[in-house]
Number of protein chains: 2
Amino acid sequence: MKPKNAFYAQSGGVTAVINASACGVIETARKYRTKIGKVYAGRNGIIGALTEDLIDTSKESRAAIRALRHTPSGAFGSCRYKLKGLEQNRAQYERLIEVFRAHNIGYFFYNGGGDSADTCLKVSQLSETMGYPIIAVHVPKTVDNDLPVTDCCPGFGSVAKYVATSIREAGFDVASMAKTSTKVFVLEVMGRHAGWITAACGLAAEKEGDAPQVLLFPEITFNEEKFLTKVKESVEQYGYCAVAVSEGIKNADGKFLSESGLRDAFGHAQLGGVAPVIANLVKEKFGYKYHWAVADYLQRAARHIASRTDVEQSYAVGKAAVQFALQGHNSVMPTIVRKSSKPYKWAIGMARLEDVANREKNMPRDFISEDGFAITGKCRAYLEPLIKGEDYPPYKNGLPDYIKLKNAAVPKKLPGEFKI
Amino acid sequence: MKPKNAFYAQSGGVTAVINASACGVIETARKYRTKIGKVYAGRNGIIGALTEDLIDTSKESRAAIRALRHTPSGAFGSCRYKLKGLEQNRAQYERLIEVFRAHNIGYFFYNGGGDSADTCLKVSQLSETMGYPIIAVHVPKTVDNDLPVTDCCPGFGSVAKYVATSIREAGFDVASMAKTSTKVFVLEVMGRHAGWITAACGLAAEKEGDAPQVLLFPEITFNEEKFLTKVKESVEQYGYCAVAVSEGIKNADGKFLSESGLRDAFGHAQLGGVAPVIANLVKEKFGYKYHWAVADYLQRAARHIASRTDVEQSYAVGKAAVQFALQGHNSVMPTIVRKSSKPYKWAIGMARLEDVANREKNMPRDFISEDGFAITGKCRAYLEPLIKGEDYPPYKNGLPDYIKLKNAAVPKKLPGEFKI
């Protein structure tokens, strides 16, 4: 009997290291050729499965797959597309099964965040609900660090390293010019609901007076007066003030400080541009000269300054996903288990998808200082190991040499088209 | 006779590598103790000289001075403060001489851009104009790459490497999500009058279809219709469009697309925020989902991804400045002379300050493609060597380990205060 093939797809916002997980999945699957046939990747995520647009990863050389480890973004394309419930859209699941059957797919690896874990959970139940035997394993990924059970989320450590480095560097810049120039600098970072990325900026402030002097968390209702007082204190004490602000901060009415009105496919508000709002508040109150930056995709794509810990964990969860599947574990997700913080030791654990799907892990309140503008020592102890180590990509012509795969299509076997 | 002391100051916007020049100046001066006494740095640039606020760099350890080579920003503080002409403010020059005389200063090293070269020129003429013997050498620095005579400007190569890397990484990100998410990404970069930094973004587009697909230069009047057509073509052909835009682009009326109304100490408009303007144009016309980023200070402070070529040249101009001074050259500036592009070979040259001060080097028109949205092969050949090589800083706790000097004050010798 021919071994079953595997399906792998990337889902949701991509990261600097999601391809390292893809590398872990594919390299590990290639080691078990008698058990796993080919790894087919969904072109543009789950949409590729629904439209029978599969990529044959066996056409990629060993070196090309290896290069995924140092290439940011989603090499096979990702998408924001959430499967509805079985009751609401049975046709989608029937189609998935049709495609899986046509291509002899028995393993399903889904690389994403909370929404994707829910999709993976539903796929893992297909044998029960629709009689199609499949083993589905979720591969965790999200810069937001908001998945439950796992100690941290692959993808987060690299954003954390990037934003902490960036605010430190900008802080040095502002400090050296503050006498006659910019006194307040605002960096806007991602993290719609959870302040993990904002907290990571706080890692740069190791000593009294270090930038950033103010953090604005989405967990803490924005209080203009307290914020402005804090900025003034910093300018008077240190000559300047560097602020890191989450895109998701809200005022007392529960409104985002910067609401563009746009929504993504999941109905989430599309945010961006709170930095100028904050900077203007300061300017109007005190007249301080200001500058602001919005890191946007730069932060989650910054493979050039990825955390080695994060790269290793991303690879490890991809590898473990395949091992779990081969051991017959269905409906699970590899997790990162922290064994100790100093020295940092971690291992791979296993979570049940029903414990992961659709749950968000928020920042514990005791990770944020009492006044709401800084991180606590407990938070630092948690975050610090996650940004440790560098894992530089190779360079060519002065630039990171990232790979673009051939992404050869698997010939279609089904008639007609499926509309998504 | 006691050897003369040297005065060193940083001027204008700081960079990721201006401290490498400081390192070059101080380390070299320390090698000639019989000829140069101490190196006094101006706290916050030339203001430190006027207010007799001098830093005694001899109090810093060898290791601390060495660490300047990998530390971004201005370690002694910089300022935006331009000396007026001798006729307009003779008192300023008399004060400078008073301070120089009190501290036995015979060498003046000024590390800055075009405005600073003009100040340095005026100081170099003090023996002629006011009878105070001094040797003044300018140390070139500007991310804008707009100084004449020199082939390139220390500070530019590192920004160039950062922005090209960033737009490549963001381009990969957008490409992988474009099917269902963001189709247009806009990165705003510095370069008020000259498009060198925008051009550097173009280095990332090595192959047909690579990001960025559109560059918006300050040298090219913004044409909304042509721009939108170009964006549409890119989205239709490649699925997405990455745009790099200079903060300084203007429309046909000569107005900045984003004019905040603020002005800096030199009367330059303070820009920022053209990225959202551009992104909105696209959204309104085509409805494409967009994202935008503003790199702001992140780009000029990004020592973590400095160009090795740039670091070496920055150090070399600092070193050469001291050597020139010791050879008795007054009113000069070390330059970078390109010997060949492939392989890249460079040497240090010497320019007369009167040929440097107050002149801007613009992008040659043949560095920009005919349609105005890309760089030419000629431009690439010029730029590529400048971003070559990496020169990573040391890391501690997962973050670049940058130095903060003690910056011990030289005891004041003059009575009273000088108001600036």
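The values are calculated or read from the model by the stated rules, or taken from the named source; none is laboratory data. Just so it is clear, the structure is predicted and the values come from calculations on it, not from any experiment. Here the Cβ is made from the backbone with ideal geometry for all residues, glycine too, and neighbour counts use every protein chain on show. Ligands, DNA and RNA are stripped out before the accessible areas are found, and what is left, the full protein with its side chains, is counted by its heavy atoms. Shrake-Rupley method; radii C 1.70, N 1.55, O 1.52, S 1.80 Å.
Couple of notes before you dig in:
Here's the yes/no breakdown for (1) assigned to a strand (DSSP E or B); (2) of a type in the set (Asp, Glu):
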residue	(1), (2)
A:309	no, no
A:315	no, no
A:321	no, no
A:324	no, no
A:328	no, no
A:338	yes, no
A:355	no, yes
A:359	no, no
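- Flag if residue A:402 is assigned to a loop (DSSP other than H, G, I, E, B), within 14 Å of chain B (Cβ to nearest Cβ) and open to solvent by 40 Å² or more (accessible area, probe 1.4 Å): no
- Meets criteria (in contact (Cβ under 8 Å) with a residue 40 or more places away in the chain, of a type outside the set (Val, Ile, Thr) and surrounded by 24 or more Cβ atoms within 10 Å (Cβ to Cβ)) for residue A:178: no
- Given (1) in contact with a Gly (Cβ under 8 Å, 6 or more places away or on another chain); (2) hydrophobic (A, V, I, L, M, F, W, C); (3) over 17 Å from residue A:328 (Cα atoms), number of the condition residue A:1 does not satisfy: (1)
- Condition broken by residue B:354, with the remaining ones in (1) surrounded by fewer than 21 Cβ atoms within 10 Å (Cβ to Cβ); (2) under 27 Å from residue B:125 (Cα atoms); (3) in contact with a Gly (Cβ under 6 Å, 6 or more places away or on another chain) satisfied: (3)
- Options A:76, A:109: the member that is in contact with a strand residue (DSSP E or B) (Cβ under 6 Å, 6 or more places away or on another chain), touching a residue at least 40 places away in the same chain (Cβ under 8 Å) and part of a loop (DSSP other than H, G, I, E, B): A:76
Listed here are the residues, each with its yes/no results for (1) facing another protein chain (nearest Cβ under 9 Å); (2) on the phi > 0 side of the Ramachandran plot.
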{"residue": "A:302", "(1), (2)": "yes, no"}
{"residue": "A:331", "(1), (2)": "no, yes"}
{"residue": "A:345", "(1), (2)": "no, no"}
{"residue": "A:350", "(1), (2)": "no, no"}
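- Sole exception among (1) modelled with pLDDT under 95; (2) open to solvent by less than 20 Å² (accessible area, probe 1.4 Å); (3) among the hydrophobic types (A, V, I, L, M, F, W, C) for residue B:46, by number: (1)
- Among the residues of the range A:79-95, those identified as hydrophobic (A, V, I, L, M, F, W, C), more than 18 Å from residue A:409 (Cβ to Cβ) and either free of Cβ contacts under 8 Å to residues at least 12 places away in the same chain or crowded, with 17+ Cβ neighbours inside 10 Å (or both) are A:83, A:91.
- Which numbered condition residue A:348 fails, given (1) without any contact (Cβ under 8 Å) to a residue 40 or more places away in the chain; (2) assigned to a helix (DSSP H, G or I): (2)
- For the range A:181-195, the candidate set comprises residues that are touching a Gly at 6+ places or on another chain (Cβ under 9 Å), of a type in the set (A, V, I, L, M, F, W, C) and more than 9 Å from chain B (Cβ to nearest Cβ); within that set, the residue that is surrounded by the fewest Cβ atoms within 10 Å (Cβ to Cβ) is A:194.
- Restricting B:244, B:211, B:199 to residues that are in a loop (DSSP other than H, G, I, E, B) and among the small types (Gly, Ala, Ser) narrows the list to B:211.
- When the range A:150-175 is filtered for residues that are within 8 Å of another protein chain (Cβ to nearest Cβ) and either under 30 Å from residue A:353 (Cβ atoms) or open to solvent by 10 Å² or more (accessible area, probe 1.4 Å) (or both), the ones remaining, listed by number, are A:161, A:168, A:172, A:175.
- If you go through the range A:208-240 and keep only what is of a type in the set (D, E, K, R) and farther than 24 Å from residue A:252 by Cα, you end up with A:208, A:210, A:236.
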